[in-house]
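Input: a single structure, listed below in structure tokens.
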Amino acid sequence: MKYAENNRISHRQLYRQIVLSFAAPFLICIPGKNGVQGVNGALGIGMAVLILLVFVFWMLRSTGGYTDPVKYLGKTGGGILGLFFMVYLIMSGAYLLTLIEQIVPIWLISGISGKWLSFLAVAVCAYGMDRGMQRRGRLADVSGGMFLLIILLILLLCIGQGKTEYLRETWNEAGLDGTYIMRDAYGFLCAFSGIGLLPFAMKDIEKKGSTGKPIFYAILTVGGILMFVLFLLPAVLGWKRIQKEVYPILPLLAGADLPGNVLARFDVLWMGFLLYGILFALGSLFHYGNQILDAVHLGSGKYWMPLVVYLFFAVSWKGMRPVDFYGRYLGYIFVPGLLLIQIWMYLRGSHRRRKKAAAAIGLLLVLTMSVSGCAGIEPEKRMYPLAMGIDLEELNYVLSYGMPNLPQATGQGKDTEENAEVLTLRGNSFEEMQALYERSQEKYLDIGHLQILVVGAALLDSDRWEEFLEYLKKEPLAGENIYLFRAEKAENILNWSNSDTSLGEYLTGLMENRTSGQQKKGVTLREVYHQWYQYGTVPALPEIILTGEEIQVYLNETEKNVNTSGEMQTPDRMG
Amino acid sequence: MEEIKRISANLRDNEKYIRKRCEDCADILIRPMRLGEERKADCLMVYIEVAVSNMMLDDSALGKMINHFWEISPEKIPEFLRNNSLGIADVQQLQTMDEVFGAILSGNAVFFIDGYDRAMKISSKGYPDMGVSQAESEKVLRGSREGFSDSVKTNSALVRKRLRDTRMKVVESQSGVRSNTVVQVLYMEDLVQEELLEQVKNRLKEYKVDGILDSGMLEQLTEEPWYSPFPQYQVTERPDRAAQELLNGKVVILCDNSPSALILPGAFSGFMESSEDWYHHFEMATFLRVLRYLALLTATLLPGLYLAVIRFHTQILPTNLVLSFAEARGGVPFSSVAELILLELAFELIREAGVRVPGALGNAIGIVGGLIIGDAAVSANLVSPIVVMIVALTALGSMVIPDEEFAAAFRLLKYGFLLLGGFLGIYGIVLGMYLTAAHLAGLLSFGVPYLVPFVRKQPIRRVGDGMIRIPFKTRKYRPVYARKEQSLRLRKTRAFEAGSQNKKETDR
């Protein structure tokens, strides 16, 4: 058919493939603990992008030998070349599976083994890996544009969450350091070294003479997004926090609201998009692996390659896994090796072609679904605390959860006299309380809808509040837009009852149901995290005081001193 | 190799052979007769009773011919037939018995005369059919109401009525060893890509099957890959749609006894288009298309997303909403996955029952299913109200998709997403979307990527429009299916150009 007259992919498809393959893994892995950060990181990436552009320009001039390496380098030479790239592909595949294993069970679905989730990813991504470059091009074409648009849109939406003072801190504390710039530049080059696989794809790209353009644009796009994120992350989360978070991009949207309140949180969707990018990258690795094996006349890898990648990911010896050495492998072996091969190819110079193989792969995904077990929990079997109190009583923690009264909250029940429930747990550690909860409560504790957090004065004044924040960090379900309050005794506040509404809704309403000028400036969990990471302290929290049957919130000491003499009559009492 | 039985000059031999082959075929009439002056010429007429019912009427062409044969000498009859002196339309000489039976079984009369080793096929009105009726499955508010019928001849005539141009070719062949079904391939000679035409013809010859009873059988035999649930042919009951696609450079296959024409190559965007898209203004047509795509997402993803959210990611819903869900599900004995699957299957039953029962009862089934079962199931705490709503929205979404077969593919996918969302949450949905996108990206319909124009190498004006319908006046080029040299489809006439030029000069 004339539409596919040359069986090659367009420049647009190539551009989208590169962006789709690299953007999501880079966004997740590059910033954060031990990663590329701040101004130094941005400068390093800028430098790396320039080097990459020069490298690609040079690489495109010596792609001939990759068309048929066996003919070009001989059977042994071709085999070694194929092996060199295959090791890279297998290691990278295993690394991506490790990402899935680390992210999905913690941030998306708990209760299912990460190994099994990674196996499913391998099964899905291996589908059609031998079906030619055009298919990959089309897949990138149809989803790459939307992916890029959504990623950019979400990142732009996040600008509103940023704070200039956080950015200033970053500037003041990070400073400029040539060593870091060089390290980050090399780190980024190592991460982007997958671009070295492109010569194997050159024969499948149309208008060969100008192929450099889409590659340049793709490198600039990915580099630009990352540089933007390196400024965005500290502006939203704070400088010290991104140095301690392994994947700071994931909680980026934990505190963001969508206009119109259609969704309470959309960090889950954000992670969904990032995961799609990871799956595409994994699929690309399988596809290129098969291409390379074909090029070096080693047959097809459509069955064994996914298996080997999975084994590399799953196997461990004395607690060490092959992927633990991925960074060092890239830095010390693959990137220098790639450079040497490129020099060698450039010096030899030749152009050859080869043909592609075609076949199909079946999937057992739905059939094996039952193996994953049933980790989902029905909504009626969950407890939704809207308020949580934490305090210290002698040496024990007191953790109180304020549950809403369901019929009242939803308006579906008949008139009842029931009030909201409060569940109180006492224990020496959070693990102990967790165990106590598991032993005594039938329902699953879903803190995804937590609205307020009341911290007792005893805890705040002791040196154990950090343990509490550590515990909260392990609960990614809790949004970072939760308001925190201080109270003399947190449990008493949680036990406050109001027949109309729950404590969580009441206090959130108190903070938010005002016109913009009168809106109270509460302290959110994100701000607490920031101050904790940045200065090792907790910011001054608004204080809740219980006076008789009324609750009053004072934002600071000054307000408290001015307003203590006032009195109020509620509509009920007036009636 | 089977021996070819030629027609004998001896009428008795021919009659004997025909009677033997037609033993116990009560519907095939073998009528010996004596014609010519003094009734000296022995003749034989063979035909299917209902297909050629009026042959003996005086005012029919056949009747006139037979009347005429009474007046001429027997020696002149063969010559008369050879020259078709009466000018009867579609008289064809047959030489073998296979040809004879082919003609008879196609609904024609065959005439033998003693001493002549040829038979004459005399076309008749053919088998009975329903005639032209309204297109049932592709109703439109604007545009022709005519739909294809069961007769392939009528169907090609309906297309010809719209494209009165000899460049529209109709190539006829027979398919099915026992059914001998007439299959017609329609195309615009100067627009169709030769490679495509060649592929179509080859694929039609690729298999030998005992019978082709509907175009659906033909479709399944010729599509690749066979395991894909997505249709690779577009099916239409509307002659105007078929004509429109012929003008786009596509090929149309008509099959006898089937009121559906097959259009190929099929593409994702084509299945989402309705024929009235081109009769509406572009703003409205675009709005409706966007709505259809949203409906497609709803029909496929909504149940899976619902399960993913309520079982794994409750935090993304506003608190009041999730509390409502929890309250509504209180007392339901099944898990939400089982609950949703049960209700979806119940809906499939209602839908299937609605299709099978006679028209008037179909509405009653809808009321019984929708109101009574839905309401009773909620009251009995078998399902929660929100699930009824999810199933209803999903069903509405699938009904909005214009092509039934295409919608059916997504109806099937829905169950996959439902399980993935129910057991793996958003991760499962992402896995499913990747898999679906990968499958669709690999799908070709006769060499054209299924996802055109969402994936394209040519400019959008050459590929055709997808979600947004371009204004009619800017629709200057045919889509990629047509030959490149014939891509221009709309231009201003020279007279108009000259006129406007004159007007400009006058204005000056």
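Any read-out appearing in this document is the output of simple, stated calculations on the displayed coordinates, not a laboratory observation. Because the structure is predicted, anything quoted here is derived from the model rather than measured. All Cβ positions, even for glycine, are placed from backbone atoms using ideal geometry, and neighbour counts span all protein chains on display.
Some values worked out for this structure:
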quantity: CD proxy at 222 nm, helix term only [per DSSP H run n ≥ 4: -39500 (n - 2.57); per residue of chain B; nearest 500]; calculated: -14500 deg cm²/dmol
quantity: Loop sites in segment B:196-290: chymotrypsin sites (Phe, Trp or Tyr not before Pro), DSSP, at most 14 other Cβ within 10 Å; calculated: B:Y207, B:W226, B:Y227
quantity: Charge dipole (debye, nearest 20) of segment A:150-258; +1 at Cβ of Lys and Arg, -1 at Cβ of Asp and Glu; calculated: 280
quantity: Percentage, to the nearest whole number, of Cα pairs in chain B over 40 Å apart; calculated: 42
quantity: Using a Förster distance of 45 Å, the FRET efficiency for B:E283-A:K163 (Cβ separation, nearest 0.05); calculated: 0.55
quantity: Theoretical gain in end-to-end length, A:F216 to A:S429 [0.36 nm per residue, Cα-Cα removed]; calculated: 71.3 nm
quantity: Amide hydrogen neighbours beyond the local backbone of A:N396, cut-off 5 Å, H modeled; calculated: none
quantity: Rg over Rh [alpha-carbon atoms, Kirkwood Rh] for segment B:171-215; calculated: 1.02
quantity: Antiparallel bridge percentage (DSSP; both residues within the protein assembly as shown; nearest 5); calculated: 80
quantity: Per-pair calculated FRET efficiency, R0 = 60 Å: A:K244 and A:T76 via Cβ, rounded to 0.05; calculated: 0.80
quantity: Cα centroid separation, segment B:299-343 to segment A:282-307 (Å); calculated: 41
quantity: Relative contact order (%) - criterion: Cα under 8 Å, at least six apart; region: segment B:133-266; calculated: 33
quantity: Measure of compaction for segment B:133-266 (Cα Rg per 2.2 N^0.38 Å); calculated: 0.99
quantity: Percentage relative contact order, segment B:282-449, counting C-alpha pairs under 8 Å, at least six apart; calculated: 42
quantity: Using distinct alpha-carbon pairs, which all enter the 1/r mean, Kirkwood radius of segment B:301-344 in Å; calculated: 11.0
quantity: Taking the convex hull of Cα positions in the protein assembly as shown, its mean projected area over all directions (nm²); calculated: 62.3
quantity: Phi to ³J(HN,Hα) by Karplus 6.51 cos²θ - 1.76 cosθ + 1.60 over segment A:87-102, Hz, x for Gly, Pro; calculated: 4, 4, 5, 5, 5, 5, x, 5, 5, 5, 5, 5, 4, 4, 4, 7
quantity: Positive-end extreme of charge dipole, segment B:235-321 - chosen from B:T319, B:L246, B:F282 (charges on Cβ); calculated: B:T319
quantity: Average Cα contact separation per residue, chain B, under 8 Å, 6 or more apart, as relative contact order %; calculated: 13
quantity: Karplus-derived 3J(HN,Hα), 6.51/-1.76/1.60, for each residue of segment A:298-313, Hz, glycine and proline x; calculated: 10, x, 9, x, 5, 9, 7, 5, x, 5, 5, 4, 5, 5, 4, 6
quantity: Debye, to nearest 20: dipole size of segment B:282-449, +1 on Lys, Arg Cβ, -1 on Asp, Glu Cβ; calculated: 180
quantity: Amide H within-cut-off set for A:V454, under 5 Å, with H built and near neighbours excluded; calculated: A:M388, A:G389, A:I390, A:F485
quantity: Inter-site label distance for A:I333 and B:V368 at 7 Å from Cα along Cβ, in nm; calculated: 7.0
quantity: Extended-chain gain in nm, criterion 0.36 nm per residue less alpha-carbon gap, A:K521 and A:W116; calculated: 141.3 nm
quantity: GluC sites (Glu not before Pro) within segment A:518-553, DSSP loop, no more than 12 other Cβ atoms inside 10 Å; calculated: A:E549
quantity: Residues A:K473 and A:M146, FRET efficiency given R0 of 25 Å [Cβ-Cβ distance, rounded to 0.05]; calculated: 0.15
quantity: Point-to-point label distance, B:E352-A:W344, nm (Cα→Cβ direction, 7 Å offset); calculated: 6.3
quantity: Approximate shape of segment A:54-192 as ellipsoid semi-axes (Cα gyration tensor, √5λ), whole Å, largest first; calculated: 35, 26, 18
quantity: Of the trypsin sites (Lys or Arg not before Pro) in segment B:147-185, those whose Cβ has at most 15 other Cβ within 10 Å and which sit in DSSP loop; calculated: B:R164, B:R167, B:R178
quantity: Cut-off 19 Å (backbone N to label point 7 Å along Cα→Cβ of B:H68), residues of segment B:118-132; calculated: B:118-125
quantity: HN-Hα J in Hz across segment A:45-52 - Karplus 6.51, -1.76, 1.60, θ = phi - 60°, x for Gly and Pro; calculated: 5, x, 5, 5, 4, 4, 4, 4
quantity: Extension reserve of the B:L297-B:N83 stretch, reckoned as 0.36 nm per residue once the Cα distance is removed; calculated: 70.6 nm
quantity: Inter-site label distance for A:D177 and A:E393 at 7 Å from Cα along Cβ, in nm; calculated: 4.7
